[in-house]
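The values are calculated or read from the model by the stated rules, or taken from the named source; none is laboratory data. Note that the structure is a prediction, hence the values are computed from the model and not measured. All Cβ positions, even for glycine, are placed from backbone atoms using ideal geometry, and neighbour counts span all protein chains on display. What goes into the accessible areas is simple: the full protein's heavy atoms, side chains included, and nothing from ligands, DNA or RNA. Shrake-Rupley method; radii C 1.70, N 1.55, O 1.52, S 1.80 Å.
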Amino acid sequence: MARMVYHDETGPHEVKPTTKSVWICQCGLSQNYPFCDGSHKPAVREDKSKLYIYDKARQNVIEIKDDSD
C-alpha cells in the first residue's frame, strides 16, 4: 500500500540521542511529525494494492486509487 500526504516543511529535523527510545513516524500521518503519535493505527487496515491520498491535515482519506496508476 502506498500513501500520499502533503509535507509543508523544507528542512530536516534533528533527533538528538536520548536515554529512551524515540519513535520516528514512517507512515507520514503523525500530527507530531517526525515523531510517531499513534496516527498510523488506521493505516494498518489499508489495502496494500491501493494508493491512499490524505488531506493536508493527514487525517482523512480523500481518494483511493489502484497503486499501479
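Within region 23-45, the residues that satisfy the criterion of being in contact with a Cys (Cβ under 9 Å, 6 or more places away or on another chain) and not small (G, A, S) are W23, I24, C25, Q26, C27, N32, Y33, P34, F35, C36, D37, H40. For I53, the stated conditions do not hold, so it cannot be described as outside any loop (DSSP other than H, G, I, E, B), open to solvent by 70 Å² or more (accessible area, probe 1.4 Å), under 13 Å from Y6 (Cβ atoms) and of a type in the set (A, V, I, L, M, F, W, C).
Cβ-Cβ contacts under 8 Å between residues 6 or more apart (or on different chains), taken from a first residue in region 36-48 that is of a type in the set (S, T, Y) to a second residue that is buried (at least 16 other Cβ atoms within 10 Å of the Cβ), are listed as S39/C25; S39/C27; S39/L29; S39/S30; S39/R58.
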